[in-house]
Each structure stands twice: as C-alpha cells, then as structure tokens.
Amino acid sequence: MKIAFLGPHASFTQLAAAQLFPDEELLPQASILDCFKAIESGEVVKAVVPLENSIEGTVSMTLDYLYKTPSVKIEAEAVMPIAHHLMIHPDNSIENIERIYSHPQALAQSFHFLDTHYKEIPKQDFSSTAAAAKFVSENKETAIAAVANQFAANLYGLKIINRNIQDFEQNHTRFIIISKQQGTYQNNKLETLGEKAGMLITLPEDHPGGLHQVLSVFAWRKMNLSKIESRTLKTGLGNYFFFINVEGPWEEVLHGNALKELESINANVDFLGNYKEFLLES
Ligand SMILES: O=C(O)C(=O)C[C@]1(C(=O)O)C=C[C@@H](O)C=C1
C-alpha cells in the first residue's frame, strides 16, 4: 500500500508515517495539498499530514484542505514529541550565517530562541524542515542554516550548531492519517491515548447564539470537546467553519442523536470519523 507524506525524506511527518506504517511504501510529497491530491487521484490510499502543534497551534493548511476536500476523512491521530536543531553545512561556520530556512511551524516553535540569538538574520519559510535541510546541503557556497530534526542532519550531512531550540521543552505535534475511509486504522504495537470523533461544522447563517446552539447539543449529552477551532471560510470577513473533536468511544445512539440534532438546527456537519489517538516516539 502506498502512503503519501509531507516530504522530503527526514521531515517530521516522515518520522511519524514510518512509525504508523513501518511496512508500507512511503511516498514523499512537496506540500500538504499534494498529499490530499494524491488521495483524491487514487495515487495513494492514505497520507500522513500534520494537524496541530502544542506551541504554535493548528496547521491551517491541513484544516483548510479537510474542509475543501469532503471525500477525505480521518483514520487516526498520532502525537509525536518534536525537537528542533539549528544546522549548517559542515564547510560553513556559525559566524557568517546570512539566512535561516525552515517550515513556518518550526520557525514559530523556535521563535524566541532565534530572536534572542539570531535576531538580525532573516528567516525564510520552506515547505518543510527537511526541505530546508536538503537545500542547505545542496548550497554550501551560500551561508545558510536550517531548523530541522536530527534525522535530517544525518541524512543531509549537516552540522548541528544549536540543539533543542524549541521555545518550550514540551513540544508535540499531532499528525493525522487521512484517506477516503473513516477510522479504520488499527495498531496494537503503539500506545493508544484515547478515542475521539472529528467533524467540521458550518452554521447556516449568522444569528445570535448560533454557536451556543451547536455547543449545547454536546453539552447536555455530557460529551466532552477536546478541540474547537474556527477557521475562515474565505467567503468574507466574519465567516467561519469549526473543527470540533468530541472525546470518547463512539456510542451509536448518543453520538448519532447529536448529529441528528445538529442537522435539525440546520448546522452543516461533515463527519470526519471516529478514530484512535496513538503515541509515537520522537
Ligand atoms: O516540516 C516538517 O518536517 C513537517 O513535517 C511539518 C511540521 C508541521 O507542519 O507542523 C511537522 C512537525 C513540526 O511541528 C514542524 C513542522
């Protein structure tokens, strides 16, 4: 089975995908959008993409494409500890760094470190931490550095000049397995952290108490929400969709009735699946 992931090799997403699918063929993609497209076109059956980081928050691109691609659902979630290192080509020196490249999430997770120690040096977004590391390895004539992981340093032959530069010791990223099926992924070898259901909700029109009405559907049934995120619909300022996670194993009657009640108040629900959350190693 082919599994797409946000590449290139040695991205954090690959580290997650390799633990989730140790025996499958992993296909690197240039962007999160390409991972969704690979599923839609049938080139791959599943993909692994980042959803949320404990320091920097939601990976908005993933949320946007979940919304825009209703055929793509969530099969599982996996949480992995994240450690960032600053690295250069071994032929360069720390004194003459002129630019620092990385994925925007990694730059944001290391913002205070970079601002304290490399304030004057411009930072530039790259499609992934591993893509930044690869670029540094292929351009030794320019004095550039990348924020990436230990595997990227090893694979691309880079020298780590600062270790563990993330701003908070506790740094975890939540990845999701996406596919055209819901919640079918199982893995007895990984520790299971819990179960949850994921859904995207849009309100029919803006009216007082609209979100309150939606939340009360969960509240009076004592269904615990572990995440609620609003994201712009891109149809004008003030228009949003909501990503909601409801904790706990799926109970057909309770959850089914909640979904029916949401429909009855004209909320639009794209149910992404009920799935397990696994713990990965760094
Ligand atoms: O750039 C990478 O290596 C990725 O896999 C992406 C990503 C993300 O989008 O959050 C994954 C984990 C880290 O939080 C930093 C970057």
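The values are calculated or read from the model by the stated rules, or taken from the named source; none is laboratory data. Note that the structure is predicted; figures quoted are calculated from it, not measured. Neighbour counts are summed over all protein chains in view; Cβ atoms, including those assigned to glycine, are modelled from backbone coordinates with ideal geometry. With ligands, DNA and RNA removed, areas are computed over all heavy atoms of the protein, side chains included. Shrake-Rupley method; radii C 1.70, N 1.55, O 1.52, S 1.80 Å.
Worth a mention:
- Area of GLU281 that stays accessible when all protein chains are in place (1.4 Å probe, Å², to 10): 140 Å²
- In the complete set of protein chains, residue-level accessible area for TYR65 is approximately 40 Å², probe 1.4 angstrom.
- Using a simple spin-label model with pseudo-atoms 7 Å out from Cα toward Cβ, ASN239 and GLU24 lie 3.5 nm apart.
- Gain on full stretching of the segment that runs from GLN150 to HIS112 - 0.36 nm per residue minus C-alpha separation: 11.6 nm
- Per residue convex hull volume, Cα atoms of the stretch 29-121, in Å³: 133 Å³
- Taking the square roots of 5 times each eigenvalue of the Cα gyration tensor of the stretch 85-162, largest first, gives ellipsoid semi-axes of 16, 14, 11 Å.
- Applying 0.36 nm per residue to the separation of GLN182 and GLU120 and subtracting their alpha-carbon distance, the gain on full extension is 17.6 nm.
- Convex hull (Cα only) mean projected area of the stretch 88-217, reported in nm² to one decimal: 13.1 nm²
- Qualifying aspartates and glutamates (Cα of each under 12 Å from Cα of LYS234; at least 8 residues distant if same chain): ASP64
- With q set to 0.13 Å⁻¹, the log10 of I(q)/I(0) for the stretch 195-274, from the Debye formula over equal scatterers at the Cα positions, is -0.37.
- Counting only residues at least eight positions apart within a chain, or on another chain, the lysines with an alpha carbon under 30 Å from that of LYS140 are LYS119, LYS123, LYS159.
- One chain, two ends: LEU193 and LYS2. Fully extended at 0.36 nm per residue, the span grows by 66.2 nm beyond their Cα-Cα distance.
- Protection proxy ranking, peptides 20-30, 247-257, 121-131, 101-111, average beta carbon neighbours within 10 Å, highest first: 101-111, 121-131, 20-30, 247-257
- GNM top mover of ARG163, ARG221, ARG231 - the chain, alpha-carbon springs below 10 Å: ARG221
- Both radii were evaluated on the Cα set of the chain; the Rg over Rh quotient, with Rh as the Kirkwood radius, amounts to 1.01.
- Using the Cβ-Cβ distance between LYS140 and ALA83 with R0 = 35 Å, the FRET efficiency computed as 1/(1 + (r/R0)^6) comes to roughly 0.90.
- Ellipticity at 222 nm from helices only: DSSP H runs of n ≥ 4 in the chain, each -39500 (n - 2.57), divided by the residue count, give -8000 deg cm²/dmol.
- Its Cα centre serving as origin, the stretch 85-162 has a Cβ charge dipole (Lys and Arg +1, Asp and Glu -1) of approximately 160 debye.
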